[in-house]
Amino acid sequence: MTENYQSIEANFRLKRNEFELDVDFKAPGKGVSAIFGQSGSGKTTLLRCIAGLENPDRGYFNLKGTCWHDDKQSWPVHRRPIAYVFQEASLFAHLNVRKNMEYGWQRITKDQRKIQIDEVVAWLGLETLLDRQPDQLSGGQRQRVAIARALLTSPQLLLMDEPLASLDTPGKAEILPYLESLYQTLDIPVLYVSHSPQEVQQLADYLILLDQGKVKAAGEINTLLTEPQLPLAHFEDAAAVLNACVVGHDKTFHLTSLAFNGGQVSVSYNALPIGHKARLRVCARDVSLALIPPQHISINNSFPVRVVSVNPDRDPSQMLVRCDVGGQSLLSRITRRSVQTLNISPDKIVYAQVKSVALMK
């Protein structure tokens with residue numbers, strides 16, 4: 001990590017009844033760092049320690065070289081320049097959307113206002129909602145307003161505690177694209193608590209994996225998503241996240257082409273500019289392997305990869321093959337029989353055939 005990349009440093013120990021939080025990690029000072037783990041792993045407790053809502057038994061917290069908490073001093077909650085978004089939007093029922101947003105705006109002095117109301121309205125697509133009351137909004141719309149209100153306090157750190165957990169599937173689908181765009185726009189580090197692998201794959205740059213109050217692993221998102229020794233690689237919807245660049249459009253077949261070191265794929269047409277940097281989500285179940293370049297098949301996305309490791313999966317009939325393509329990791333879930341028939345082994349060059357690729361802006 002570079003010095004800028006180490007700008008969030010947390011070390012907390014806290015014991016409450018039978019539960020003990022004992023964490024020590026460093027995370028980037030920009031982008032989205034997901035805190036992932038099962039219920040009861042300590043995710044919310046960790047956020048509350050950072051926010052000053054819990055007083056740990058010992059430890060420290062530093063943001064970009066500024067210490068908020070250590071053995072000598074601890075800033076009270078109101079002094080910590082954070083915004084905290086909870087599972088429930090908790091908007092003021094008697095105020096319309098504009099007034100709810102202005103509540104966050106009015107909490108800070110004029111010289112502290114680094115984020116403007118018009119900016120937040122545009123980022124979160126709230127233009128047509130400003131005069132509505134909270135009871136006239138969908139769950140996804142309410143949460144977007146809650147995020148807008150939090151951002152208008154111009155925080156130095158944004159804490160999000162499972163902000164999509166209370167939403168149904170359509171509500172999550174509605175808000176996720178806004179969050180993707182927002183996080184690419186913000187120059188504010190985000191700590192995002194979730195137990196949803198899909199949210200982590202779609203939104204996070206960095207991952208902190210908690211298990212029973214301890215940090216099991218921390219690192220770049222794709223490194224941890226594709227590590228066979230960690231649980232995320234064995235989930236049903238296990239996936240790799242590849243960094244790619246838009247290189248062309250084929251309007252005849254309604255396709256957009258993206259390239260990365262070692263390969264190129266086509267996805268459904270998206271009017272992103274040539275050169276736009278994007279992320280690709282590739283599920284392990286959608287990647288098959290071949291010994292020779294495939295011909296005369298309907299799968300268009302194929303490229304050579306090097307086998308890194310072959311690992312047992314949760315289903316004893318399946319194997320998880322970790323591959324390298326241009327320095328990035330890719331997962332393939334294939335049958336144990338296929339591994340034996342094709343003699344798949346480390347360092348072997350094979351051809352990945354990718355049935356489906358999701359473009360994440």
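The values are calculated or read from the model by the stated rules, or taken from the named source; none is laboratory data. Since the model is a prediction, treat every value here as computed from it, not as a measurement. Please note: Cβ atoms are built from the backbone with ideal geometry, for glycine as well, and neighbour counts cover all protein chains shown. SASA here: full protein model, heavy atoms, side chains in, ligands and nucleic acids out. Shrake-Rupley method; radii C 1.70, N 1.55, O 1.52, S 1.80 Å.
Take segment 246-361 with all the other protein chains still there, run a 1.4 Å probe, and you get 53 Å² of accessible area per residue. As a fraction of the 1.4 Å probe accessible area of segment 97-228, surface on carbon and sulfur atoms comes out at 43 percent. Taking 0.36 nm per residue of separation and subtracting the Cα-Cα distance, full extension of the segment from Lys15 to Asp70 would add 18.1 nm. Between segment 116-163 and segment 25-96, the alpha-carbon centres lie 20 Å apart.
Please report the spacing between the Cα centers of segment 244-284 and segment 166-240 in Å, no decimals. Going from one Cα centre to the other spans 22 Å. Take the Cβ-Cβ distance between Gln116 and Glu180 as r, set R0 to 22 Å, and report the resulting FRET efficiency rounded to the nearest 0.05. After rounding to 0.05, the efficiency reads 0.55. Mean separation of Cα pairs under 8 Å and 6 or more residues apart, divided by the residue count, gives the chain a relative contact order of 15 percent. When every Cα-Cα distance of segment 60-215 is counted in 5 angstrom steps from zero, the calculated P(r) takes the values 2, 8, 17, 21, 20, 15, 9, 5, 2, 0 percent. Each residue, Phe235 and Arg337, gets one label point 7 Å from its Cα in the Cβ direction; the gap between the two is 3.0 nm. Equivalent-ellipsoid semi-axes for the chain (Cα gyration tensor, √(5λ), whole Å, largest first): 38, 26, 17. In a DSSP loop and with at most 12 other Cβ atoms within 10 Å, the GluC sites (Glu not before Pro) in segment 147-247 are Glu236.
Charge dipole (Cα centre; +1 on Lys/Arg Cβ, -1 on Asp/Glu Cβ; no other charges) of the chain amounts to roughly 220 debye.
Can you work out the FRET efficiency for the pair Tyr103 and Thr223, with r the C-beta to C-beta distance and R0 = 41 Å, to the nearest 0.05? Given R0 = 41 Å and the Cβ-Cβ separation, E is 0.55.
Normalising the average separation of contacting C-alpha pairs (under 8 angstrom, six or more residues apart) by the number of residues puts the relative contact order of segment 1-94 at 27 percent. Per-residue 3J(HN,Hα) values for segment 224-238, derived from phi via the Karplus relation 6.51 cos²θ - 1.76 cosθ + 1.60 with θ = phi - 60°, read 7, 4, 9, 7, x, 7, 10, x, 4, 5, 10, 5, 4, 9, 4 Hz in sequence order (x marks Gly and Pro). Each residue, Asn261 and Asp57, gets one label point 7 Å from its Cα in the Cβ direction; the gap between the two is 4.5 nm. Solvent exposure of segment 8-152 amounts to 51 Å² per residue of accessible area, where only protein heavy atoms count and the probe is 1.4 Å.
For Ala278, the amide hydrogen comes within under 5 Å of the amide hydrogens of Ala244, Cys245, Val246, counting only partners 5 or more places away or on other chains and with H modelled in the peptide plane. Counting 0.36 nm for each residue step from Ser356 to Asp315 and taking away their Cα separation leaves a gain of 12.6 nm.
The phi-based Karplus calculation (6.51 cos²θ - 1.76 cosθ + 1.60; θ = phi - 60°) puts the 3J(HN,Hα) values of segment 30-43 at 8, x, 10, 9, 8, 9, 10, x, 5, 4, x, 7, x, 4 Hz, whole numbers, x for Gly and Pro. With 0.36 nm allotted per residue and the present C-alpha distance subtracted, the Ile292-Ser196 stretch has 30.9 nm of extension available. Loop-located GluC sites (Glu not before Pro) in segment 96-161 (DSSP state not H, G, I, E or B) with no more than 12 neighbouring Cβ atoms inside 10 Å: Glu127. Each label was represented as a point 7 Å from its Cα along the Cα-to-Cβ direction; for Ala93 and Ser39 these points are 2.7 nm apart. GNM remark for the chain: springs join alpha carbons under 10 Å apart, and the peak mean-square fluctuation among Thr226, Thr256, Thr169 falls on Thr169. Computed across segment 217-361, the Kirkwood hydrodynamic radius from all distinct Cα-Cα pairs reaches 15.5 Å.
With all pairs of separate Cα atoms included, segment 189-295 yields a Kirkwood hydrodynamic radius of 15.7 Å.
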